[in-house]
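In what follows, a structure is listed as C-alpha cells, so that the remarks can point back to it.
The values are calculated or read from the model by the stated rules, or taken from the named source; none is laboratory data. Source: prediction; values computed, not measured. We place every Cβ from the backbone using ideal geometry, glycine too, and count neighbours over all the protein chains shown.
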C-alpha cells in the first residue's frame, strides 16, 4: 500500500512552465502528480537555478518535450510513497540533483556509474522538475539531507556542489598538494571551499585584481589574476599544480593552464564549452600530464557531498527568491548578475 500525505484540497499546485524552446518561464497551476511504483513525491522547499536548466529550456537536451518544468537542484521532504519504496518514509528530508534516476541494469549502473547510464533521467527533462510545489522522482535518485543543512543550502550542493566535490576527490590530489581552481563563479566558489576543506594547498585563478579578497575569503591561499600575466608561469612559480579544476566555460582560459601543471598533473574540466582546447601532444607528454572531463555523480555521491559540507562548513553563497519570481531568478543567472547561485523557495 502506498503511503501518502494530503495533497492540496483542489488537487492543483504551482509550477513554473516553459511552453516552447526559448519561451519565458510562466507560473501555472498544474495537477498534483501521484507517485508510481518505486517513486516518491517530494514537497519542494527549495530548488537551485543552474545554467544547465537554460539548456533544457532551450530544447538543447535530447529527449526534452515541451512544455517543461525545469529544476534539478531539488531539496524538500517526502510527502508520498509509491508502491515498493523501501528505506524512505513520509517526512524524510531529501535532495535530488542532475542524477534523477537510471535503468539500474546496464554496465554503467551495475558499476556504480549510473550518471553515465544511456537512460539517465534528468529532472526537468525526463519528467517535471523542481520549479514547483512538488515533484515526483524515482526513489533511487534520493539523497538524505543532514540536519545541519537547510533546504536552501542543500539544493545547489546537489548539482554544483557534487560536481566539484566529486571531481576533486576522484583526482590524484592529496592533502598538501597544490590545486588551482580556475574561475570564481557558481562552481568555482564551491571548488575553492571544498579544496581548502580537503587539506589542499588552494590557488584561485580569476580575472581582475579586485577578486583577490574574495578568493582569500573563500579559503584560497594564493590568488592569480589571469589578466596580469602568464597563468602557467604563475603556477610554475608555486611549484606547479597537481590539479587544475577548470570551472569556467572559456576553452582558451583552460588551455592556458596546462603548462602550469606539475609532474603528472591533471587538468580536470567541469565547465561546459563547445569550443576546442588549444593543447599540443608535446605539452601533455612533457610531465605525463592528463586532461579529462568530469560530470556529476549519483545519489550516493550527493549524500557524500552533503555530509562533507555539513561537517566542514562548505556552503554555496546564494540569493533566495520565492517561486513566483523564478523568471527573474533565471534572468539574473542567464545574464551573469547572480552572486554565485540563485535558489527559488516555495515557502513551505
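General remarks:
- In the set (1) surrounded by fewer than 17 Cβ atoms within 10 Å (Cβ to Cβ); (2) at pLDDT 95 or above; (3) under 19 Å from residue 162 (Cα atoms), residue 272 fails one condition alone, (2).
- The sole residue among 313, 287 that is closer than 22 Å to residue 173 by Cβ and either surrounded by 21 or more Cβ atoms within 10 Å (Cβ to Cβ) or outside the structural domain of residue 259 (by TED's automatic domain parsing) (or both) is 313.
- One residue stands out in region 121-141 among those that are in a loop (DSSP other than H, G, I, E, B) and in contact with a helix residue (DSSP H, G or I) (Cβ under 6 Å, 6 or more places away or on another chain): the one that is surrounded by the most Cβ atoms within 10 Å (Cβ to Cβ), namely 131.
- Scan of region 71-120 for residues that are in contact with a strand residue (DSSP E or B) (Cβ under 7 Å, 6 or more places away or on another chain), part of a loop (DSSP other than H, G, I, E, B) and surrounded by 14 or more Cβ atoms within 10 Å (Cβ to Cβ), ordered by number: 71, 72, 82, 85, 88, 90, 92, 97, 100, 101
- Flag if residue 267 is outside any loop (DSSP other than H, G, I, E, B), buried (at least 18 other Cβ atoms within 10 Å of the Cβ) and not assigned by TED's automatic domain parsing to the domain that holds residue 94: yes
- Sole residue being within 14 Å of residue 133 (Cα to Cα), at pLDDT 95 or above and either touching a helix residue (DSSP H, G or I) at 6+ places or on another chain (Cβ under 6 Å) or in the same structural domain as residue 185 (by TED's automatic domain parsing) (or both), chosen from 80, 46, 108: 46
- Residues that are in a loop (DSSP other than H, G, I, E, B), out of contact with any strand residue (DSSP E or B) (no Cβ under 6 Å at 6 or more places or on another chain) and without any contact (Cβ under 8 Å) to a residue 60 or more places away in the chain, drawn from region 273-319: 273, 274, 275, 276, 277, 278, 279, 280, 286
- Subset of region 204-238 that is in a strand (DSSP E or B) and under 21 Å from the mean Cα position of the chain (by Cα) - its residue that is farthest from residue 256 (Cα to Cα): 204
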